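Written out below as structure tokens is the structure these notes cover.
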Amino acid sequence: MSDLEGVFRREWGSTVAALARWSGDLTVAEDAVQEACAEALRHWPRDGVPMNPGAWLLTVARNRARDRLRRETIRPGKELAAMNGYVDQIRARTDASEPHPVRDDELRMMFTCAHPALDRQSQLALTLRLVSGLTVAEIARALLHSEAAVGQRITRAKNKIRHANIPLRVPPAELLAERTPHVLSCIYSVFTEGYWSTAGPSAIRDELCAEGVRLAGEMCTLMPNPDSYALAALILLHDSRRTSRVNAAGELVPLDEQDRRGWDRHRIDQGLARLRQAQGSTGPYLPQAVIAAVHATAPSWEQTDWTTICAAYDQLLKLTDSPVVLVNRALAVGLRDGPDVGLAALEKVAHDPRLARSNLAASVRADLLRRAGRLADAASWYRIALQANGSEPGREFLRRRIAECGG
């Protein structure tokens, strides 16, 4: 089952995006792909996974969508006319897309979801659901919102697209730039959910990491500007450490314990090259890429340049008031100036209500207390962090820390 789930996650975004472009309806596309996945669960365990599972899913989903739209034509009045219009669209469409600089279906969908009629949070939630196939629970954890709020945002966004007749197409080339920040944000969210999986049996979801790397590269080709390069640098530098973040047993390995000989030097070189191209970026990805570059090039944990890292966090805080950035900065300050200084910095943000659904502040507090030698206090905070962690490898890591602290 887990292997099939991996296939579904890899193929979800491109299949939904292609079907939405073909049918002109987001809900029809998503529902049809879900039906195709359900049919695959019935057939593939018996018949084997097809050579091209994406094509199989798209064919089945297209048939389900066509059947649904044809059934809808029996509805009376205005709904009949609308559905007849959908069927006419289907008959008129072919697999060949119109000439456009955005050739990737998933990027097309990201630019479509970035329509200015939708608010920023709805754009992000809708994109992560339709393009990346993240569940509502996963999106809620990524955005630090409740599942109910995220579900309502997605539903409202779909309804607004439908009722306002927002076209499911990429804007003209001259309007791509204004939607680029949203697309970059979504790509990073996709990669982040893969690199720091917030739930499930695996610490890392390789298919999401690979998709983030690919889409960031596509954006460098489509929109070759410093912000695109900065995001690509950040993702590549993080991805260079991916295989070292877990051991053979699937357990999380923290950065200070990783074997740096296992890091992907080619990825690091690629990331550093993109970082050089990113000079002049005014977005949030450049300072984050600088932090990742410092880690990637440090000969050892002990030789990490925490002064440069803290300066990069200070620069990042000029661009965002994110409590997550403040917590991570507090940890960096603690590693530069000592745990007690870091704990003082953490206290300024630890009670921010936006962190209520995250275990980050508790984890960082526990880590700083452990480094300060206050093991009993550290164990208590690791237990608090454990209560809010949905990833089983993450939970197991926290249990190990509790044991190390004598808890």
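What the table shows:
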| item | result |
| --- | --- |
| Stretchable slack from residue 301 to residue 67, in nm (0.36 nm times residue separation minus alpha-carbon distance) | 78.4 nm |
| 14 Å reach of a label modelled at residue 214, 7 Å along Cα-to-Cβ, counting backbone N of the range 118-132 | 131-132 |
| Probe 1.4 Å, accessible area per residue of the chain, Å² | 46 |
| Residue 246 long-range amide H proximity, modeled H, under 5 Å | 253 |
| Per-peptide average of other Cβ atoms within 10 Å, ordering 53-59, 379-385 highest first | 379-385, 53-59 |
| Label point at residue 152 placed 7 Å out along Cα→Cβ; residues across the range 24-53 whose backbone nitrogen lies under 16 Å | none |
| Inter-centroid distance (Cα atoms) of the range 383-407 relative to the range 185-256, Å | 23 |
| Ordering of 15-26, 362-373 by burial proxy (mean other Cβ atoms within 10 Å per residue, highest first) | 15-26, 362-373 |
| Net lengthening on full extension, residue 347/residue 315 (0.36 nm per residue, minus Cα-Cα) | 9.5 nm |
| Two-decimal log10 I(q)/I(0) for the chain, as the Debye equation yields it once each C-alpha is a single scatterer, q = 0.12, 0.15 Å⁻¹ | -1.02, -1.48 |
| The range 131-230: relative contact order as a whole-number percent, Cα under 8 Å and 6+ apart | 21 |
| Largest to smallest principal axis extent of the C-alpha atoms in the range 143-222, angstrom | 41, 37, 17 |
| Kyte-Doolittle mean at least -0.5, axial Cα span of 20 Å or more - DSSP H helices of the chain | 2-23, 26-47, 77-92, 176-195, 206-222, 323-337 |
| Linear extension gain, residue 400 paired with residue 261, 0.36 nm per residue minus alpha-carbon span | 47.6 nm |
| Using a Förster distance of 35 Å, the FRET efficiency for residue 276-residue 251 (Cβ separation, nearest 0.05) | 0.50 |
| Percent accessible area from carbon and sulfur atoms, the chain, protein chains only, probe 1.4 Å | 52 |
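The values are calculated or read from the model by the stated rules, or taken from the named source; none is laboratory data. No experiment lies behind these values; they were computed from the predicted model shown. Every residue, glycine as well, gets a Cβ built from its backbone with ideal geometry; the counts of neighbours run over all protein chains shown. Note: areas computed on protein heavy atoms with side chains; ligands, DNA, RNA excluded. Shrake-Rupley method; radii C 1.70, N 1.55, O 1.52, S 1.80 Å.
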